[in-house]
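Accompanying notes for the structure given below.
The values are calculated or read from the model by the stated rules, or taken from the named source; none is laboratory data. Just so it is clear, the model here is predicted, and its values are computed rather than measured. FYI the Cβ positions are ideal-geometry reconstructions off the backbone, even for glycines, and counts take in every protein chain you see.
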Amino acid sequence: MVKTTSAQNKALVLQAFDTLFNKRDYEAAEPFWSDRYIQHSAHIAPGRSGLFDLVRTLPDTLRYENHLILAEGDYVIAHGRFSGHGRPAAWVAADIVRIEDGKLAEHWDVLQDEATKAQSASGLPMFGDAFPE
């Protein structure tokens with residue numbers, strides 16, 4: 001069993017997300033995800049193949065950018081934005097990932113369309129310091 005630190009787990013998640021979502025390098029991304037990967041998202045089919053197959057259906061303009069990442073033990077929470085997926089609004093996501101043996105082993109998410117300034121009751125952006133243009 002590989003034991004990793006919180007800092008290593010955060011770096012692992014960021015590198016895995018960049019490799020899959022931004023670089024779209026499926027071969028290089030595969031070793032980041034466990035072959036026993038458990039998917040809890042209502043939007044993604046089971047397993048590593050479900051995630052990779054979904055990403056393959058999205059436009060090449062898909063981008064992930066991270067705003068905040070936290071880790072506690074084997075769990076990482078990444079607050080990020082998925083844009084360029086072909087829908088009118090970017091998705092702001094809280095992705096929760098469990099790390100096991102140095103790989104992404106389990107995933108949950110909370111997704112929401114990013115609000116414009118006109119849509120925001122609080123008057124504050126959902127991601128970063130500025131509203132989307």
Check your understanding: So how many residues does region 84-108 have that are crowded, with 17+ Cβ neighbours inside 10 Å and under 19 Å from L124 (Cα atoms)?
Key -> 4
Exercise for review: Please specify each residue of region 25-54 satisfying the condition of being in contact with a Ser or Thr (Cβ under 8 Å, 6 or more places away or on another chain) and crowded, with 16+ Cβ neighbours inside 10 Å.
Suggested key: A29, F32, R48
Exercise for review: Answer yes if at least one residue in region 65-78 is farther than 30 Å from E133 by Cα, aromatic (F, W, Y), touching a strand residue (DSSP E or B) at 6+ places or on another chain (Cβ under 7 Å) and touching a residue at least 24 places away in the same chain (Cβ under 8 Å), and no otherwise.
Suggested key: yes
Point to revise | Single match in D95, D35 (criterion: charged (D, E, K, R) and closer than 24 Å to P132 by Cβ) | key: D95
Exercise for review: Within region 45-64, count every residue that is among the polar types (S, T, N, Q) and either assigned to a helix (DSSP H, G or I) or in contact with a strand residue (DSSP E or B) (Cβ under 6 Å, 6 or more places away or on another chain) (or both).
Suggested key: 2
Exercise for review: Identify the residue in region 109-128 that is within 20 Å of the chain's Cα centre (by Cα) and surrounded by fewer than 16 Cβ atoms within 10 Å (Cβ to Cβ) and, among all such residues, is modelled with the lowest pLDDT.
Suggested key: G128
